[in-house]
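The values are calculated or read from the model by the stated rules, or taken from the named source; none is laboratory data. What you see is a predicted model; the values in this text were computed from it and never measured. Glycine gets a Cβ as well: all are built from the backbone with ideal geometry, and neighbour counts include every protein chain shown. Protein only, heavy atoms only, side chains kept; ligands, DNA and RNA dropped before computing areas. Shrake-Rupley method; radii C 1.70, N 1.55, O 1.52, S 1.80 Å.
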Amino acid sequence: RGLSFAIEPGRGLLVAGGSGGGKSSLLRAVAGLWTAGEGRIERPSPEHLMFLPQQPYMALGTLRDQILYPDRGREVDDATLLGLLERVNLGELPGRLGGLDAEHDWAKVLSIGEQQRLAFARVLLAEPRYAMLDEATSALDAANEERLYRELASTRTTPVSVSHRSGIVRFHHDVLELPGDGTWRVIPAEGYRLD
């Protein structure tokens with residue numbers, strides 16, 4: 001009720017709270033994916049936002065297409081794409097699966113953790129102003145999760161995350177708590193502990 005907050009560029013926001021408290025719904029509304037409800041949301045244009053769900057979308061096509069999605073017509077040299085895969089700990093993927101131009105049913109060939117890391121490669125390439133991360137690292141171990149958030153922190157992209165893991169709190173400046181009873185509060189992330 002009466003929820004009002006702003007996410008300034010460079011000041012990541014972690015959305016925390018109990019199950020069913022509306023965290024994912026809020027992220028989807030902010031990202032422009034949900035339009036039900038009432039109120040006003042001001043956000044940058046779609047090219048400045050990327051939404052990463054817990055289960056990433058895997059497009060039909062090549063490994064190159066997976067990295068370039070959603071802008072598959074973009075010209076990016078192989079060295080850059082291979083470097084992106086290294087940054088998200090998927091450097092062995094092209095050799096294992098036939099190169100950047102190999103075609104597979106990626107949702108079946110890649111584990112959910114590999115799919116989540118590949119989705120982060122998309123964000124690192126696109127460098128949107130904001131990345132809406134809805135449990136986007138839930139299938140990863142703590143080391144891979146930290147690596148991805150560290151890589152994201154090296155870009156101009158501001159993370160807006162839903163997570164239940166304390167390891168990512170330090171990559172955000174503020175926490176929006178949604179306890180699930182209609183109340184809310186925004187507090188500094190420093191020293192915040194997720195239950």
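Assorted remarks:
- Solvent-accessible area, 1.4 Å probe, carbon plus sulfur percent, for region 96-195: 48 percent
- Most fluctuating residue given options Ala16, Ala142, Ala36, as computed from a GNM of the chain linking Cα atoms under 10 Å: Ala36
- Sorting Ile67, Ile187 by accessible area puts them as Ile187, Ile67; the probe is 1.4 Å, largest comes first, and only protein heavy atoms count.
- Computed over protein heavy atoms with a 1.4 Å probe, the accessible surface of the chain works out to 52 Å² per residue.
- Binned Cα-Cα distances of region 99-167, short to long, each 5 Å bin given as a whole percent: 3, 15, 26, 26, 15, 10, 4, 0
- The distance separating the Cα centre of region 1-45 from that of region 94-110 comes to 35 Å.
- For the chain, the spread of Cα positions along the three principal axes, ordered from largest to smallest, is 51, 32, 29 Å.
- Solution diffusion estimate, µm²/s, Stokes-Einstein, region 55-163, Kirkwood Rh from C-alpha pairs, 37 °C, viscosity 0.692 mPa s: 236 µm²/s
- Peptides 97-104, 126-133, 175-182 ordered by average Cβ neighbours within 10 Å, highest first: 126-133, 175-182, 97-104
- D_trans [Stokes-Einstein, Kirkwood Rh over alpha-carbon pairs] for region 18-109, 25 °C, 0.890 mPa s, µm² s⁻¹: 157 µm²/s
- A viscosity of 1.306 mPa s and a temperature of 10 °C, combined with the Kirkwood radius over Cα pairs in Stokes-Einstein, give a translational diffusion coefficient for region 35-84 of 116 µm²/s.
- Helix axis angle, 112-126 relative to the chain longest principal axis, alpha carbon, degrees: 90 degrees
- Fraction of accessible area attributable to carbon and sulfur, region 1-92 (%, probe 1.4 Å): 49 percent
- Normalised size of region 18-61, defined as Cα radius of gyration per 2.2 N^0.38 Å with N residues, equals 1.35.
- Most to least accessible of Ser111, Ser4 (protein chains only, probe 1.4 Å): Ser4, Ser111
- Computed from Cα atoms, the angle from the helix 78-87 axis to the main principal axis of the chain rounds to 50 degrees.
- FRET efficiency for the Arg72 to Val186 pair, using the beta carbon distance and R₀ = 35 Å, is estimated at 0.40.
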